[in-house]
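Here the structure is laid out as structure tokens; the discussion comes afterwards.
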Amino acid sequence: MSKEGVYMFGAIETEEAQTFEKVKLAGEHRRVYTIPYKGLSMVVTNAPVQIYEPSRQNLKAHQDTVAAVMKQFTIIPMSFGNVLESEKDVKILLTKLSPQFNEIFPRIRGKMEVGLKLIGKKEWIENSAQNEPAMKKLQTNVKGKNAEAGYYDRIKLGEAARNFMTKLQMTFDQEVFQPLAEVADAAKNNEAISERMLINAAFLIDKEKEAEFDALVNEFHEEWGDRVDFKYTGPWPAYNFINLKIKADAS
């Protein structure tokens, strides 16, 4: 049987003892509480010292606990599966990381991260591409040719399709991402992770501007929703805006 240790969810700015909703981890419902040290606290639960499988259930338990803490505190999240042997080890970790925590908290205090992914509907993208003069010409060249004769034309068609998507992504960067970034405190437009993805963005927004930001997202949805699928998520901790990768082995 594994030794009982201390599983960590993230750091918050308080020395007062706190408790949160229980979490189901390693097959049991466990109390979530804080270990305070010098103005900071680590949100933790007692759980076996082991390697935690990143299953959907375990990841959801971790994320749900972080989300529950976020309702009351700004949190610097620990990555999934970090467990130390004792509360003493947690305090040592807090001591080592406190200079970095003290730099990060002022940047994210009172703020939250939201994610926005825009994915072009297949039919709209295909129709838009077919109306491009360059694409039309290449499609005509390819049509009716055998595989060998049309080889280079097919390569050119593939390149033209990639160029078309790049142009479309640049358009959405200017017309959607940039106006949202102006409302946000910070913004990142990450690399697209699928062929039809137009925006893969994260925004750090002040909670006081949440309604303004939501309204602008809704405006863009009204404008583009018939052609583009919107996936708007959050609030999250500032995952994309914290450079520090906090792991238990940092101690």
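The values are calculated or read from the model by the stated rules, or taken from the named source; none is laboratory data. Keep in mind that this is a model prediction, so the values were computed, not measured. All Cβ positions, even for glycine, are placed from backbone atoms using ideal geometry, and neighbour counts span all protein chains on display. What goes into the accessible areas is simple: the full protein's heavy atoms, side chains included, and nothing from ligands, DNA or RNA. Shrake-Rupley method; radii C 1.70, N 1.55, O 1.52, S 1.80 Å.
A Förster distance of 30 Å, applied to the separation of the beta-carbon atoms of His29 and Ile92, puts the FRET efficiency at 0.60. Applied to the range 43-56, the Karplus parametrisation 6.51 cos²θ - 1.76 cosθ + 1.60 on θ = phi - 60° returns per-residue 3J(HN,Hα) values of 7, 9, 9, 7, 7, x, 7, 7, 7, 8, 5, x, 6, 4 Hz, with x for Gly and Pro.
Per-residue SASA remark: Phe20, around 30 Å² accessible (1.4 Å probe; ligands, DNA and RNA not included). Remark: the range 69-77, residue by residue, has Karplus-estimated 3J(HN,Hα) of 5, 4, 5, 10, 9, 6, 10, 9, x Hz, where x stands for each Gly or Pro and the curve is 6.51 cos²θ - 1.76 cosθ + 1.60 at θ = phi - 60°.
Distant-in-sequence amide contacts of Ser79, defined by a placed amide H-H separation under 5 Å and a gap of 5 or more residues or a different chain, comprise Ile246. Take the Cα radius of gyration of the range 173-234 and divide it by 2.2 N^0.38 Å, N being the number of residues; the result is 1.08.
Placing Arg30, Arg196, Arg56 in order of accessible area, with the largest value first and a 1.4 Å probe, yields Arg56, Arg196, Arg30.
Taking the accessible area of the range 1-95, probe 1.4 Å, and keeping the other protein chains in place, the carbon and sulfur fraction comes to 48%. Taking a threshold of 26 Å on the Cα-Cα distance, which of the pairs Lys121/Lys167; Lys71/Lys117; Lys88/Lys188; Lys91/Lys207; Lys117/Lys209; Lys71/Lys209 fall above it? Where the Cα-Cα span goes over 26 Å, the pairs concerned are Lys88/Lys188; Lys91/Lys207.
Counting only protein heavy atoms and using a 1.4 Å probe, the accessible area of Glu4 comes to about 90 Å². As a ratio to 2.2 N^0.38 Å, the alpha-carbon radius of gyration for the range 1-116 is 1.02. Ranking Thr34, Thr233 by solvent-accessible area of protein heavy atoms (1.4 Å probe, all protein chains present), from largest to smallest, gives Thr233, Thr34.
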